[in-house]
1. Return the subset of K219/K389; K298/K341; K346/K398; K268/K355; K268/K346 for which the Cα-Cα distance in this structure is over 27 Å, preserving the input order.
2. Quick one: which of 350-359, 376-385 comes out on top by average Cβ neighbours within 10 Å, and what's the full order, highest first?
3. Provide Rg and Dmax in Å for the range 222-406, with only Cα atoms included in the calculation.
4. Starting from the amide H of A233, placed 1.01 Å from N in the peptide plane, find each other amide H under 5 Å away whose residue is 5 or more places distant or on another chain.
5. Please tell me the relative contact order of the range 222-406 in percent, rounded to the nearest whole number, where contacts are Cα pairs under 8 Å and at least six residues apart.
6. Please give me the summed charge of the neighbours of R232: other residues whose Cβ is under 13 Å from its Cβ, Lys and Arg +1, Asp and Glu -1.
7. Between K360 and T277, how high is the FRET efficiency from 1/(1 + (r/R0)^6) when r is the Cβ-Cβ distance and R₀ = 25 Å? Nearest 0.05.
8. Suppose each label sits 7 Å from its Cα in the direction of the beta carbon; what would the N320-D336 distance come out to in nanometres?
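Rule-based calculations on the coordinates, nothing more; no lab input. Quick caveat: nothing in here was measured; it's all calculated off a predicted structure. Here the Cβ positions follow ideal geometry from the backbone for every residue, glycine too, while neighbour counts run over all protein chains shown.
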Amino acid sequence: MAKAKVTKDQSPASGCSVKNANTQKQTKKQKKKKFWQNHPKITAKTNEDVKVSPLLPPKKPQEFSSNWKALQELLKQKAKPAVPALSTELLKKDQKVSEKKNEESTPPKSAPKINGGIKSVSATAKETKAPSQAPSTKAREKTEEVKKGKKRKIKAEGTAEEHQAKKPQVETQPEPPKVDIWFDDVDPDDIEAALGPEAGRIAREMQGVTETKSATVDKVLVKEKAFEGLTRAVAMDCEMVGVGMDGEESILARVSIVNLFGKCVYDKFVKPTEQVTDYRTAVSGIRPKDIKNGESFKVVQKEVSEILRGRTLVGHAIHNDLKILFLDHPKKAIRDTQKYKPFKQKVKNGRPSLKLLCEKILNVKVQTGEHCSVQDAQAAMRLYTMEKKCWEAAIKAKYTGFKPVGRKEKGSQKQKT
């Protein structure tokens, strides 16, 4: 059989007892909260959690205490060990200065009344301090001078240290090692040709040989105190610049003409007729400023043609110069140093350069750097004048059919007759 559940009837009295129990529990909890809130350990923790506003450092001079000043002096001494330890003396000086200021700021005391009248303060001061005033003032002046001197020394030391700290440390770079040339018997010119101009200069310094200057070159190429006008033979040289794509094509930039004695009779820069793409300065020596305000091509062409008319024209590879000028000259009146056979035989070269001819025949160096059309024309003329007699005789024999007769041939002809 199933057991029947017995339900307890809740009476109003039982409900009241439950409420009383709840109220008792609440009161107990509240008491516990109050107890633990007032407990000393918990209160200490809460006080620690509360952020305390930090004390700011003093700003006014009155707020600085003697201990604070002493601390600042110690910190300065640690930061700057080179400065002498004068913290105590400085503190004493500051105290004395502050005392003097306070004395000056305090109002003067009223003078004592004598017989109903007020005695002057100056009079009393004179009476009381008259005997000891002179030595005290002198001592004070001396002490003030000593203090000023010490302060100046301290300031000077401080500024010197600051300057040293601010100055950037410059790294001293080691000097490049000198080139040691041990072959003393070698010609410096050969060293320069093989290793460069710097090696040649060092070799000359080591051997005590002076470099060949332009003055010596001029002495060889130009005759001093000679006629400076036009002569029957003239030498010409031109400098060109590049135009077109990559500067491959050439146009005239400078023309120079010298007379038989090497004196310059004509030298002009030519204004370009096209846009210059390559000035060739390393070879031609021409710069934009040189030809910017140059003479027009037609004027130069006309003047040069007038000079060359009826004269012997000397030059090195002269056909290039005539081609760039759009001029022509009689073949009989042209003396080209590049095509002269005796020069080819001496140098042992089929197409010798002007530099090589001057070096081997004239013993002079030309075209060492940028070319100069005047110097090149002078060099060509000097080569021509050295071989003028033989050259002119060979030209005469070529075009007239007359062969020059030597001394031996003349003697044999006389014997036959």
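1. K298/K341; K268/K346
2. 376-385, 350-359
3. Calculated on Cα positions, Rg and Dmax stand at 16.9, 57 Å.
4. For A233, the qualifying residues are L260, T312.
5. 23
6. My count for the surroundings of R232 gives +3.
7. 0.10
8. 1.2
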